[in-house]
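Novice: Next up is a structure, given as structure tokens.
Please treat every number below as a calculation from the coordinates, not as lab data. As the structure is a prediction and not an experimental result, all values here were calculated from the model. When we count neighbours, we look across all protein chains shown, and the Cβ atoms used for this are built from the backbone with ideal geometry, even at glycine.
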Amino acid sequence: MLRCLIIDDNPRFLVVARAVLERDGITVVGVASGTAEALARAEELRPDVTLVDIHLGDQSGFDLVRRLHGTASLAGSRTVLISTHAEEDYADLIAASPAIGFLPKTTLSARAIRDLLGPSDISPANPTK
């Protein structure tokens, strides 16, 4: 089972995204709304994939992705940037990011996440999953 952490500063989106993903077979192990909380939750939960909103209030999702990527204990975890904005608006920043890709919030689904991750739900972060 794919384990997911969702980072977004919109409480309503967190509820809807969790429901959509869990309905489609992804286990949402936690949510967070800011950088400090996200880093702590990621360390604690060690998700297979972390969805990170590009804008976290006055904090940058791009900065958070770099910090997550640089955390040794999260080496097997992958990150996906999400936003209500079009990918083209941030194409250069997304390409320069260590995230494996980008998904618009309007098309967020278990299938879209699995397509970005590739053929296997198994990750080095959770080799028994």
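Novice: Provide a single number: the residues in the range 70-97 that are in contact with a strand residue (DSSP E or B) (Cβ under 7 Å, 6 or more places away or on another chain) and under 23 Å from residue 40 (Cα atoms).
Specialist: Here the count works out to 9.
Novice: Mind listing whichever residues of the range 1-22 are under 24 Å from residue 89 (Cα atoms) and assigned to a loop (DSSP other than H, G, I, E, B)?
Specialist: The answer is 8, 9, 10.
Novice: Can you confirm whether the range 51-62 contains a residue that is in contact (Cβ under 8 Å) with a residue 40 or more places away in the chain and part of a helix (DSSP H, G or I)?
Specialist: Looking for residues that are in contact (Cβ under 8 Å) with a residue 40 or more places away in the chain and part of a helix (DSSP H, G or I), one finds at least one in the range 51-62, hence yes.
Novice: I would also like to ask the following. Starting from residues that are in contact with a helix residue (DSSP H, G or I) (Cβ under 9 Å, 6 or more places away or on another chain) and in a helix (DSSP H, G or I), keep the ones in the range 23-46 and report whichever is farthest from residue 64 (Cα to Cα).
Specialist: 23
Novice: Restricting attention to the range 66-124, which residues are in a helix (DSSP H, G or I), among the aliphatic types (A, V, I, L, M) and either in contact with an Asp or Glu (Cβ under 6 Å, 6 or more places away or on another chain) or surrounded by fewer than 19 Cβ atoms within 10 Å (Cβ to Cβ) (or both)?
Specialist: 72, 91, 93, 94, 95, 96, 110, 112, 116, 117
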